[in-house]
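J.: Dropping the structure in here first, questions after.
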Amino acid sequence: MQDRINQIVARYVELKVWEDRYKLLIDDGKKMPAMDESLKTEKNLVKGCQSQVWFSANLTDGKIYFSADSDASIVKGIVSILWFVYNGATPDEILQIKPDFVEQIGLRQHLSMSRANGLNSMLKQISFYAMAFKVKLGQ
């Protein structure tokens with residue numbers, strides 16, 4: 001996971017103008033794997049987001065694989081960053097890594113209050129999945 005975090009940080013901090021970071025964020029969202037429409041249910045809707053954001057997770061061979069989407073382009077970009085960092089990690093890895101990369105790339109500081117709250121809700125949802133799968137694994 002740390003390698004993925006380093007990649008994200010490097011890509012974003014090299015852009016000094018925030019408009020360029022927003023463009024990269026939107027482009028990253030467009031490149032994200034499509035979420036199956038059948039997963040866009042109330043159950044998978046992340047509470048606390050102004051936009052609609054869906055997160056679904058499956059545990060395979062001890063690793064969590066996420067499927068996610070949003071109906072807003074900037075938010076989908078945020079989702080894509082979280083997906084890139086956390087997808088394919090173990091529950092322990094997810095729970096041990098602090099999401100400091102969000103501050104390192106300056107994302108939280110450049111979001112509106114409602115989008116920052118949504119980001120927090122997404123991070124909590126990822127942690128909840130990790131905790132639930134950790135219990136399922138008997139850890």
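The values are calculated or read from the model by the stated rules, or taken from the named source; none is laboratory data. Please read these numbers as outputs of a predicted model, since none were measured by experiment. Virtual Cβ from ideal backbone geometry, glycine too; neighbours counted across all protein chains shown.
J.: So if I check each of Val75, Val85, which one is hydrophobic (A, V, I, L, M, F, W, C) and either at pLDDT below 95 or under 11 Å from Val53 (Cβ atoms) (or both)?
T.: Of the residues listed, the single one that is hydrophobic (A, V, I, L, M, F, W, C) and either at pLDDT below 95 or under 11 Å from Val53 (Cβ atoms) (or both) is Val75.
J.: Looking at Ala68 and the list (1) modelled with pLDDT under 95; (2) in contact with a Leu (Cβ under 9 Å, 6 or more places away or on another chain), which single condition is not satisfied?
T.: Result: Ala68 passes all but (1).
Yes/no matrix, rows are residues, columns are (1) more than 13 Å from the chain's Cα centre (by Cα); (2) under 30 Å from Lys16 (Cβ atoms):
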{"site": "Gly29", "(1), (2)": "no, yes"}
{"site": "Leu39", "(1), (2)": "yes, no"}
{"site": "Gln96", "(1), (2)": "yes, no"}
{"site": "Leu111", "(1), (2)": "yes, yes"}
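Matching residues to (1) assigned to a helix (DSSP H, G or I); (2) within 21 Å of Tyr12 (Cβ to Cβ):
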residue	(1), (2)
Ala57	no, no
Ile64	no, no
Ile78	yes, yes
Ile81	yes, yes
Phe84	yes, yes
Ser114	yes, no
Gln125	yes, no
Phe128	yes, no
Ala132	yes, no
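J.: While we're here: Return the residue satisfying two criteria in turn: it lies in the range 125-139 and is touching a residue at least 12 places away in the same chain (Cβ under 8 Å) and surrounded by fewer than 15 Cβ atoms within 10 Å (Cβ to Cβ), and of such residues it is nearest to Asn44 (Cα to Cα).
T.: Ranking the candidates gives Met131 first.
J.: Right, here's the next one. Among the candidates Ser127, Ser70, which residue alone is more than 22 Å from Leu24 (Cβ to Cβ) and touching a helix residue (DSSP H, G or I) at 6+ places or on another chain (Cβ under 7 Å)?
T.: Of Ser127, Ser70, the one residue that is more than 22 Å from Leu24 (Cβ to Cβ) and touching a helix residue (DSSP H, G or I) at 6+ places or on another chain (Cβ under 7 Å) is Ser127.
J.: Specify the residue that is nearest to Val75 (Cα to Cα); the eligible residues are those in the range 14-54 that are part of a loop (DSSP other than H, G, I, E, B) and among the hydrophobic types (A, V, I, L, M, F, W, C).
T.: Cys49
J.: If you check Lys31, Lys23, which single one turns out to be more than 13 Å from Ile126 (Cα to Cα) and in contact (Cβ under 8 Å) with a residue 12 or more places away in the chain?
T.: Lys31
J.: What number goes with the only condition from (1) under 20 Å from Leu107 (Cβ atoms); (2) part of a strand (DSSP E or B); (3) aliphatic (A, V, I, L, M) that Ile5 does not pass?
T.: Only one criterion is unmet by Ile5, namely (2).
J.: Name the single residue, out of those in the range 92-124 being of a type in the set (Lys, Arg) and touching a helix residue (DSSP H, G or I) at 6+ places or on another chain (Cβ under 9 Å), that is surrounded by the fewest Cβ atoms within 10 Å (Cβ to Cβ). Steps first, answer last, please.
T.: From the range 92-124, those of a type in the set (Lys, Arg) are 98, 108, 115, 124; that's our starting set.
Then keep just the ones that are touching a helix residue (DSSP H, G or I) at 6+ places or on another chain (Cβ under 9 Å); that gives 108, 115.
Working: Arg108: 14, Arg115: 19.
Per the stated criteria, the residue is Arg108.
J.: For Ser51, are the conditions met, namely being modelled with pLDDT under 95, touching a strand residue (DSSP E or B) at 6+ places or on another chain (Cβ under 7 Å) and of a type in the set (Gly, Ala, Ser)?
T.: Yes, satisfied.
J.: Step by step: first the residues of the range 1-35, then only those that are among the β-branched types (Val, Ile, Thr) and farther than 22 Å from Lys63 by Cβ, then the one that is surrounded by the fewest Cβ atoms within 10 Å (Cβ to Cβ). Which residue is that?
T.: Val17
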